[in-house]
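Computed from the coordinates by the stated procedures, all read-outs in this text should not be read as laboratory data. These figures come from a predicted structure and were not determined experimentally. Positions of Cβ are backbone-derived with ideal geometry, glycine not excepted, and every protein chain shown enters the neighbour counts.
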Amino acid sequence: MVAFRITYERYSDLHDDTLQMAKGGLLVRVTDASGLEPESAASLEIVLPDGTRLDSDVRVIQILTGFGVAVTIEPAFADQLRKAVAAGRESGAGGPARHERTRAPTLAPAVPQTDKLTHAAKIQMALHGNRDQRNAILRDTNRTLHPYVLKNP
């Protein structure tokens, strides 16, 4: 399972994000979204400025290439964070919140083996396959399969 950690140095930054969480989601600003798909399960760890750690299970809503990953936030977790902001004291010091991916996926998607497939099966895979299957066809030595990959919707 994938895990994300957001470390807040200031309660004001956390307050800004709790406004987003109140709507049911949060953008985790990470550059590595490999192995993630919409509806993937993940965990989110929030580290408050006082060092308190709060964890929640989340689900990936959307992957925004170059921006991060949008995840769901349970209302109870958002309320818990809102209460922490209300109880916290701003210190004035500190930098911006740090977003990071802490664990890689446990299972990498299997890359299909095309060397054992017939030519007709490779054409079917090129026309109807998912992204990994299309990439495997593009790596195949038979270049006549490439136009079929382009016809895949």
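Among the residues of region 46-67, how many are closer than 20 Å to residue 14 by Cβ and either touching a Phe, Trp or Tyr at 6+ places or on another chain (Cβ under 7 Å) or of a type outside the set (D, E, K, R) (or both)?
Counting residues in region 46-67 that are closer than 20 Å to residue 14 by Cβ and either touching a Phe, Trp or Tyr at 6+ places or on another chain (Cβ under 7 Å) or of a type outside the set (D, E, K, R) (or both) gives 10.
Looking only at region 1-35, filter to residues that are in a loop (DSSP other than H, G, I, E, B) and among the hydrophobic types (A, V, I, L, M, F, W, C); which one of those is farthest from residue 76 (Cα to Cα)?
The selected residue is 33.
Which residues, counting only those in region 52-88, are surrounded by 18 or more Cβ atoms within 10 Å (Cβ to Cβ) and touching a helix residue (DSSP H, G or I) at 6+ places or on another chain (Cβ under 6 Å)?
Result: 56, 73, 78, 81, 85, 88.
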